[in-house]
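Asks: What follows is a structure written as structure tokens; I'll ask about it next.
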Amino acid sequence: MPSRRKKATDGHVLSRADLVAHLLPAVPDRYRALVALAGGTGLRWGECTGLRWESLDLAAKTVEVVRVAVEVAGTVTMKPYPKSRAGRRTVPVPDFAAELLTAHREVFPAGPRGEVFTNSSDGPLRRTLFRARVWRPSLVRAGLLGNVDRLDHFKWRGRWVDSEGVEWSAEFTTEREAVTHVAKMASGGLRFHDLRHSYATELVSRGVPVNDVQAVMGHEKPSTTLNLYTHRSDGRDQRIRDAFADDPLTPNDN
């Protein structure tokens, strides 16, 4: 089979500033460190949810990817190795994610096998339920999906765009009802996996060598990194011009 090419619809890019300033504060406390870890390390969903505390070194600020959670027909099992040989890797954890993971450890108990992230019943996280109950409502609260405005003390207006591009609005008696409805009805929106896209894009745009990005992403080939997980970044054209700004292209007549 030919290798898969990146499509324009593959994903959105969330800046690090928007992740920290807008999305993370909108995520419920129990899952905030999970989103921070994904956004700050590029780990896949299964790598995040399969993570155990023994693989996290918060003093050194590193995470070792050695197992993944796999969900089939609503049942979550642990697979004792990543997607590929390159998937077994050690990734640096940024300060903001390390701080949230430290706070998470103090408040939420580990799972029965030392899992870092569990649901409210201390069981494994299921991706579909997380998307509907946690992820998409968090996007709405962060202003990244639809819009919810307070009209008065007992009235909220939700606005969203459906899959046909039609704009809708409705009024609700609580903010929670408005957020839940918009999260269910709005089309599109950032995916959890787009945190991985955003991570790789930011590293490349900041000048991190592609082979280093490849290593922390767990890709076998650098072409995978370039083809699937990088997008045009703001200011690219000017940076390219600046790279040649000091070159003496005019011949010296002397």
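The values are calculated or read from the model by the stated rules, or taken from the named source; none is laboratory data. On a predicted model such as this, the values are computed, not experimentally measured, just so you know. Note: ideal-geometry Cβ built from the backbone for every residue, glycine included; neighbour counts use all protein chains shown. All accessible areas refer to the heavy atoms of the entire protein, side chains included, with ligands and DNA or RNA removed. Shrake-Rupley method; radii C 1.70, N 1.55, O 1.52, S 1.80 Å.
Asks: Go ahead and run the numbers for FRET between Thr128 and Leu58, Cβ-Cβ distance against an R0 of 41 Å, rounding to 0.05.
Replies: E between Thr128 and Leu58, to the nearest 0.05, is 0.85.
Asks: Then there's this: Just to be sure I understand the model, the point goes 7 Å from the Cα along the line to the Cβ. What's the resulting Val210 to Val72 distance in nm?
Replies: 3.6 nm
Asks: For the range 20-130, give the percent of accessible area contributed by carbon and sulfur heavy atoms, probe 1.4 Å, rounded to a whole number.
Replies: The nonpolar share, carbon plus sulfur, comes to 51 percent.
Asks: Could you tell me whether the range 57-136 comes out rounded, prolate or oblate from its Cα gyration tensor? Rule is a ≥ b ≥ c as square roots of the eigenvalues, rounded for a/c under 1.5, then prolate if a/b exceeds b/c, otherwise oblate.
Replies: Oblate is the answer for the range 57-136, as a/c is 1.5 or above yet b/c matches or exceeds a/b.
Asks: Show me 51-63, 190-202 ranked by packing, highest mean number of other Cβ atoms within 10 Å first.
Replies: Packing proxy ranking, top to bottom: 190-202, 51-63.
Asks: Rule-of-thumb check for the range 79-191: C-alpha Rg over 2.2 N^0.38 Å?
Replies: 1.39
Asks: Once a ≥ b ≥ c are taken as the square roots of the eigenvalues of the Cα gyration tensor of the range 123-165, is the result rounded (a/c under 1.5), prolate (a/b larger than b/c) or oblate (a/b not larger than b/c)?
Replies: oblate
Asks: Short version: ³J(HN,Hα) in whole Hz for each residue of the range 106-118, in order, from phi by Karplus 6.51 cos²θ - 1.76 cosθ + 1.60 (θ = phi - 60°), x for Gly and Pro, what are they?
Replies: Coupling constants for the range 106-118: 6, 9, 10, x, 6, x, x, 10, x, 4, 6, 10, 9 Hz.
Asks: Is the shape of the range 1-156 best called rounded, prolate or oblate, per the rule: a/c under 1.5 gives rounded, else a/b larger than b/c gives prolate, else oblate, with a ≥ b ≥ c the square roots of the Cα gyration tensor eigenvalues?
Replies: prolate
Asks: Something else about it: Among 158-167, 132-141, what's the highest-first ranking by average C-beta atoms within 10 angstrom per residue?
Replies: 132-141, 158-167
Asks: Also, quick follow-up: Whole Å is fine, so just give me how far the alpha carbon centre of the range 25-47 lies from that of the range 114-145.
Replies: 9 Å
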